[in-house]
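Q: Dropping a structure here in structure tokens format, bear with me for questions.
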Amino acid sequence: MEDTLIGKLNRREAVIGIVGLGYVGLPLVLRFAEVGYRVLGLDVDASKVKTLNAGGSYIEHIPASKIRGARAKGFRATTRFAEAARADALILCVPTPLTLYREPDLSFVIRTTEDLLPHLRRGQVISLESTTYPGTTDEELKPRIESRGFRIGRDVFLVYSPEREDPGNVDFNTRTIPKVCGGTMAACLRVGLALYKQVIDHVVPVSSTRAAEMTKLLENIHRAVNIGLVNEMKMVADRMGLDIFEIIAAAATKPFGFVPYKPGPGLGGHCIPIDPFYLTWKARAYGLNTRFIELAGEVNRSMPKWVLGKVIDALNQHGRALKGSKILVLGLAYKKDVDDSRESPAAEILQLLEDGGAKVAYSDPHIPVFPRKRDYRFKLKSVPLTPATLASYDGVVLATDHKAFDYDLIRKHAKIIVDTRGVYKADRKRIFAA
Ligand SMILES: NC(=O)c1ccc[n+]([C@@H]2O[C@H](COP(=O)([O-])OP(=O)(O)OC[C@H]3O[C@@H](n4cnc5c(N)ncnc54)[C@H](O)[C@@H]3O)[C@@H](O)[C@H]2O)c1
């Protein structure tokens, strides 16, 4: 089985099934199609499937022309999981969020696995890419697959290979971002490497699926902890009358031993605010507390409130109360130049401002309508930035530093600017660092 599957992969005769066609799955579809594989996309969202089959895209940085290019090379999407039997590789890219109680929510991974189970066949490789805690592949996927009588490493092959997609990053793409891969056993790893080396320049083997799962968590926890650290430094610097961005830029001239991280209004996105708590949860089963993760989470989660305090101070200096003020939040996406607002601190800032009695609005060229969210129910549309609209607000909060914003226009016409991204030099009269 192993040699047959590796041969099919090497000759690019294999059919690649991508399950979950979101920010992670769709770039993989395009990459496998680009090098000549037939790609089958599976998703439970019928509207996404329809859009893709009509040659359209629902992700801003993936142009429809690329989807049409993949379609011309045989890519097709479906909601019918029975078609998974046709695929030689099944790559799972489904969400791994947290529950309301901030514990891992593996329901998407488990549901996908169970939906695929009846359609698995000998000679397939199954790869999980969703970010998760060490042990998921072994404890959740392996026994389910074995329950169908398959021998892993003989009949089917199981690997974990974490996605490192960085939407909006123009320096790296799916092909050039090295990819880590761990297998349930040596044969699984050999097949996993054969699968990914066709589309990724540098594939990094590790000793097990657990090691691969932990690698991804280390990467994201490293970010979360360092962002927490720099956010704390920002608050200290602010109290001392120092500009944290000047200090970071100066420290970054050290050619070794320092990695610059930027402070901001809090953590956002599908990964950094969430993934560390997958490890926290699992570590508890080993009698361990992940204190760095908790501490960084505490600092990062406090940032929107800190920004709120800065808005209140700024208004106060201009003789105004938050209650009754009109505040415009600039940027709803969790980071610059993307259309993704998952876990965005800007949404929390809007909520805090509204709770304080402000009349709120937002402007984000990448997100025309405030999306449906579990925690927020705003019925807002993005406000276009003109001299008149800017001047009609008592203050603006720069939450996300999109390139598309006209920063001179904002500086000229906003009455007060509360800047969480270090775009402006604060003067503590009209421009306030937050
Ligand atoms: N977005 C990123 O930049 C990024 C980067 C690295 C890792 N990740 C990880 O990759 C995983 C996927 O993230 P994403 O950003 O692509 O999510 P997403 O929400 O953009 O996409 C997930 C897709 O899965 C589909 N889906 C949900 N349940 C399904 C099911 N049972 N069967 C088939 N499809 C189903 C959804 O309809 C959606 O299209 C997560 O674990 C995330 O942590 C994301």
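Q: Within segment 108-122, restricting attention to residues that are surrounded by fewer than 16 Cβ atoms within 10 Å (Cβ to Cβ) and in a loop (DSSP other than H, G, I, E, B), which residue is nearest to the ligand (Cβ to nearest atom)?
A: Only one residue fits best here, namely R121.
Q: While we're on this one: How do the helices (runs of 4 or more DSSP H) wholly within segment 181-283 filter down when requiring 2 or more residues that are closer than 29 Å to E298 by Cα and not hydroxyl-bearing (S, T, Y): which remain? Before you say what the answer is, go through the steps one by one.
A: Numbers: elements: 186-196, 209-239, 244-251.
Helices (runs of 4 or more DSSP H) meeting the threshold: 209-239, 244-251.
Q: Still on this structure: Inside segment 375-412, can you point out the residues that are among the basic types (K, R) and within 27 Å of K323 (Cβ to Cβ)?
A: R377, K379, K381, R411
Q: Something else about it: Quick check on this structure: which one of P178, P167 is within 20 Å of L217 (Cα to Cα), within 14 Å of the ligand (Cβ to nearest atom), surrounded by fewer than 16 Cβ atoms within 10 Å (Cβ to Cβ) and under 27 Å from the mean Cα position of the chain (by Cα)?
A: Only one candidate qualifies: P178.
Q: Looking at F150, F81, which is the one that is within 15 Å of the ligand (Cβ to nearest atom) and among the aromatic types (F, W, Y)?
A: After applying the criteria, what remains is F81.
Q: Within the group A251, A212, which residue is touching a Phe, Trp or Tyr at 6+ places or on another chain (Cβ under 6 Å), farther than 30 Å from T420 by Cα and among the aliphatic types (A, V, I, L, M)? First the steps, then the outcome.
A: Working: A251 fails: farther than 30 Å from T420 by Cα.
Of A251, A212, the one residue that is touching a Phe, Trp or Tyr at 6+ places or on another chain (Cβ under 6 Å), farther than 30 Å from T420 by Cα and among the aliphatic types (A, V, I, L, M) is A212.
Q: For segment 133-143, indicate whether the set of residues that are touching a residue at least 12 places away in the same chain (Cβ under 8 Å), more than 16 Å from the ligand (Cβ to nearest atom), under 27 Å from T79 (Cβ atoms) and assigned to a helix (DSSP H, G or I) is non-empty.
A: Yes; the residues of segment 133-143 include at least one that is touching a residue at least 12 places away in the same chain (Cβ under 8 Å), more than 16 Å from the ligand (Cβ to nearest atom), under 27 Å from T79 (Cβ atoms) and assigned to a helix (DSSP H, G or I).
Q: Here's another thing I want to ask about it. Looking at segment 265-299 only, could you name the residues that are surrounded by fewer than 19 Cβ atoms within 10 Å (Cβ to Cβ) and within 29 Å of V329 (Cα to Cα)?
A: Scanning segment 265-299 gives E294, L295, E298.
Q: For segment 254-277, name all the residues that are among the β-branched types (V, I, T) and either within 11 Å of the ligand (Cβ to nearest atom) or closer than 14 Å to E343 by Cα (or both).
A: If the condition is that a residue be among the β-branched types (V, I, T) and either within 11 Å of the ligand (Cβ to nearest atom) or closer than 14 Å to E343 by Cα (or both), then I272, I274 are the ones that fit.
Q: Return the residue satisfying two criteria in turn: it lies in segment 29-45 and is within 13 Å of the ligand (Cβ to nearest atom) and not hydrophobic (A, V, I, L, M, F, W, C), and of such residues it is nearest to L195 (Cα to Cα).
A: By that ranking, first place goes to G41.
Q: Take G17 and tell me if it is in contact (Cβ under 8 Å) with a residue 60 or more places away in the chain and within 11 Å of the ligand (Cβ to nearest atom).
A: Answer is yes for this residue.
Q: Somewhere in segment 6-14, is a residue of a type in the set (A, V, I, L, M, F, W, C), more than 15 Å from the ligand (Cβ to nearest atom), closer than 24 Å to F150 by Cβ and buried (at least 24 other Cβ atoms within 10 Å of the Cβ)?
A: Yes, the conditions are met somewhere in segment 6-14.
Q: Only one residue in F245, F256 is loosely packed, with under 15 Cβ neighbours inside 10 Å, aromatic (F, W, Y) and more than 22 Å from A347 (Cα to Cα). Which one?
A: Exactly one of F245, F256 is loosely packed, with under 15 Cβ neighbours inside 10 Å, aromatic (F, W, Y) and more than 22 Å from A347 (Cα to Cα), namely F256.
Q: A further question on this structure: Could you tell me whether any residue of segment 74-90 is outside any helix (DSSP H, G or I) and within 30 Å of G297 (Cα to Cα)?
A: No - not one qualifying residue is present in segment 74-90.
Q: I've got another one for you. Which residue pairs have Cβ atoms under 8 Å apart, sit 6 or more places apart or on different chains, and have a first residue in segment 35-51 that is farther than 26 Å from R12 by Cα and a second that is assigned to a strand (DSSP E or B) and more than 6 Å from the ligand (Cβ to nearest atom)?
A: Close Cβ pairs (under 8 Å, with a partner that is assigned to a strand (DSSP E or B) and more than 6 Å from the ligand (Cβ to nearest atom)) amount to K48/A77.
Q: Another question, if that's okay. If we keep just the residues of segment 86-107 that are more than 11 Å from the ligand (Cβ to nearest atom) and exposed (fewer than 15 other Cβ atoms within 10 Å of the Cβ), which is farthest from L40 (Cα to Cα)?
A: It comes out as Y101.
Rule-based calculations on the coordinates, nothing more; no lab input. All values derive from a computational prediction rather than experimental measurement. Cβ sites come from the backbone with ideal geometry, for glycine too, and all protein chains shown count toward neighbours.
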